[in-house]
Amino acid sequence: MRRNKTRLGAVAVAALSAVYATAVALGAPPMMTANTGAHLKVRSPATGTTLTGNSLATSVKVTHFKVDCRYAGTANRKGIGHYHIELDKSLINMICSPRSSISMLNVKPGKHTVQFIPAANDHADDMKAMKQISFTYKPSHPLPAVKPLSFPGKPSVSIVSPKPGATVHGSFNLVVAAQNFKLTCALYGKAPVKGYGHWHANVDTTTMGMMGMGTMLGMSCGKSFHVSLAGIKPGQHKFIAILEDNTHAPTIGAKASVTVNVK
Ligand SMILES: [Cu+2]
């Protein structure tokens with residue numbers, strides 16, 4: 001009997017190590033890798049580019065996969081998703097179109113990498129389809145670094161629109177007001193700076209996936225986020241706005257939600 005128990009334990013350990021070994025081999029933790037089938041080609045920047053301006057323009061071509069952010073944060077659909085851009089392996093944003101740009105604000109001159117990663121609707125990265133480009137940032141007119149900000153009170157956020165119990169259909173604008181907090185797009189993915197950040201719009205929950213991003217519809221550095229209901233079933237749903245630091249972590253500790261009827 002004892003021998004059987006030992007054997008079972010050994011089998012369980014072996015199985016677990018196999019799962020772990022596979023995850024390590026894929027270069028990402030378990031549960032966060034997707035197999036999107038996407039083929040991604042980087043058109044710009046070219047590898048080894050020297051960037052003298054303060055914004056890196058990007059352009060990609062994605063095939064075998066439909067880039068459609070209307071479904072981001074909702075159930076995964078085979079062959080549909082978006083892609084993530086990372087600077088030095090830190091997420092800048094989820095991207096919905098072939099072209100984008102990355103601000104060099106608070107980026108040190110020198111060698112950097114930019115990664116393009118196809119992702120499923122739940123934001124799980126497809127590391128097998130990832131493309132990485134290295135470039136050198138050598139600004140001719142360097143940007144002054146952003147300094148920490150102090151506010152009289154704690155950061156908070158409230159939802160201005162829609163009103164609780166409203167009926168929404170097709171799409172709507174989730175409008176927020178942030179207090180004691182400065183919203184900024186240029187610091188997406190950079191090191192945290194006190195007083196600065198952005199917000200994420202989530203549906204129904206903020207606890208799925210890494211840093212709650214499994215149900216993230218998108219992010220905003222402005223007053224509103226356009227919510228698509230394409231992937232959301234009719235019925236009552238909660239839409240949540242969460243203040244985030246530049247690394248997309250909810251360390252600010254402020255969120256607000258509104259429950260509406262999706263028709
Ligand atoms: Cu974010």
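The values are calculated or read from the model by the stated rules, or taken from the named source; none is laboratory data. If you're wondering where the values come from, they're calculated on a predicted model, not measured in any experiment. As a convention, Cβ positions derive from the backbone with ideal geometry for all residues, glycine included, and neighbour counts pool all protein chains shown.
Structure notes:
- Selection from the range 104-121 of residues that are buried (at least 18 other Cβ atoms within 10 Å of the Cβ) and β-branched (V, I, T): V107, V114, I117
- Of all the residues in the range 207-227, those that are buried (at least 20 other Cβ atoms within 10 Å of the Cβ) and either away from the ligand (no atom under 12 Å from the Cβ) or free of Cβ contacts under 8 Å to residues at least 24 places away in the same chain (or both) number 3.
- Contacts under 6 angstrom Cβ, first residue in the range 123-148 being within 27 Å of M216 (Cα to Cα), partner among the acidic types (D, E) and modelled with pLDDT under 95, 6 or more apart: none
- Check on H237, more than 9 Å from the ligand (Cβ to nearest atom) and under 27 Å from G170 (Cβ atoms): yes
- Scanning the range 185-200 for residues that are near the ligand (Cβ under 10 Å from one of its atoms) and closer than 17 Å to P155 by Cα returns G197, H198, W199, H200.
- Test: residue in the range 53-65 that is buried (at least 18 other Cβ atoms within 10 Å of the Cβ) and out of contact with any Ser or Thr (no Cβ under 8 Å at 6 or more places or on another chain): yes
- Strands (runs of 3 or more DSSP E) fully within the range 46-142 that include at least 2 residues being of a type in the set (S, T, Y) and over 30 Å from F172 (Cα atoms): 49-51, 131-137.
- Members of the range 217-258 found to be under 25 Å from T167 (Cα atoms), within 14 Å of the chain's Cα centre (by Cα) and among the β-branched types (V, I, T), listed by number: I242
- Of the listed requirements (1) among the β-branched types (V, I, T); (2) within 25 Å of C96 (Cα to Cα); (3) more than 13 Å from the ligand (Cβ to nearest atom), V157 misses just one: (2).
- Complete set of residues in the range 115-134 that are within 15 Å of the chain's Cα centre (by Cα) and within 22 Å of L187 (Cβ to Cβ): Q115, F116, I117, A119, H123, D125
- Residue match in the range 194-204 (condition: part of a helix (DSSP H, G or I) and within 28 Å of L56 (Cα to Cα)): no
- Subset of the range 81-103 that is among the polar types (S, T, N, Q) and away from the ligand (no atom under 14 Å from the Cβ) - its residue that is surrounded by the most Cβ atoms within 10 Å (Cβ to Cβ): S103
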